[in-house]
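Peer 1: There's a structure below that I have some questions on.
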Amino acid sequence: MPTRKQTTGVNGEEQDGFTAEEREAMRERAREVRAGARRGAKADPEGEVLAKIAEMSESDRTIAERLHNLIKATAPALTPRLWYGMPAYARDGKVVCFFQSAAKFKTRYATLGFSDEANLDEGTMWPTSFALTRLTADDEARISALVRRAVS
């Protein structure tokens, strides 16, 4: 496996490829895989998602809770689970969409993202993630439509 070059970070300091937040996300994913293998069918993935949401800052938690309820209502066939320490929603074990809190990678906004498993193809170019600072009724209607399309 090739090594990553050192890069200059946002604040001018040298980094060794991955940020501390990225390395922590990778560790979380490894823990998720190990825990899933140990628990097998006894796992409560939705409980784990709800616990992760409960740990979030108030602004992220508010958005994540609303998204969780919206996605479950719009696409009940999707299974909530953790993915790199983030709430995600999967079909047949493959993540279709996920929520990334603003605090996760110390960004100014949370993100609703869609994987390549989502049926959002539109011509030769389409968005796969959306910045969220809060959710309005119009935003929720748009998200519902995106999720319905993603699982179609």
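Peer 1: Over all pairs of distinct alpha carbons, what does the Kirkwood formula give as the hydrodynamic radius of region 15-150, in Å? The partial results should precede the final answer.
Peer 2: On the way: mean 1/r = 0.0645 Å⁻¹.
Over region 15-150, the inverse of the mean reciprocal pair distance is 15.5 Å.
Peer 1: Taking amide H positions as placed in the peptide plane 1.01 Å from N, state which residues far from F105 in sequence (5 or more) or on other chains have amide H under 5 Å from it.
Peer 2: Close amide H contacts, sequence-distant or interchain: none at all.
Peer 1: Can you work out the Karplus-derived ³J(HN,Hα) for every residue in region 50-67? Use 6.51 cos²θ - 1.76 cosθ + 1.60 with θ = phi - 60°, whole Hz, and x for glycine or proline.
Peer 2: Calculated HN-Hα couplings, in order: 5, 5, 5, 4, 4, 6, 6, 4, 4, 5, 5, 4, 4, 5, 4, 5, 5, 4 Hz.
Peer 1: If I take every Cα pair under 8 Å that is 6 or more residues apart in region 15-150, average their sequence separation and divide by the length, what percent do I get for the relative contact order?
Peer 2: This gives 20 percent for region 15-150.
Peer 1: Kirkwood Rh over alpha-carbon pairs of region 64-135, then Stokes-Einstein at 4 °C and 1.567 mPa s: what D in µm² s⁻¹, rounded to an integer?
Peer 2: 102 µm²/s
Read-outs: derived from the displayed coordinates by stated rules, not from any lab. What you see is a predicted model; the values in this text were computed from it and never measured.
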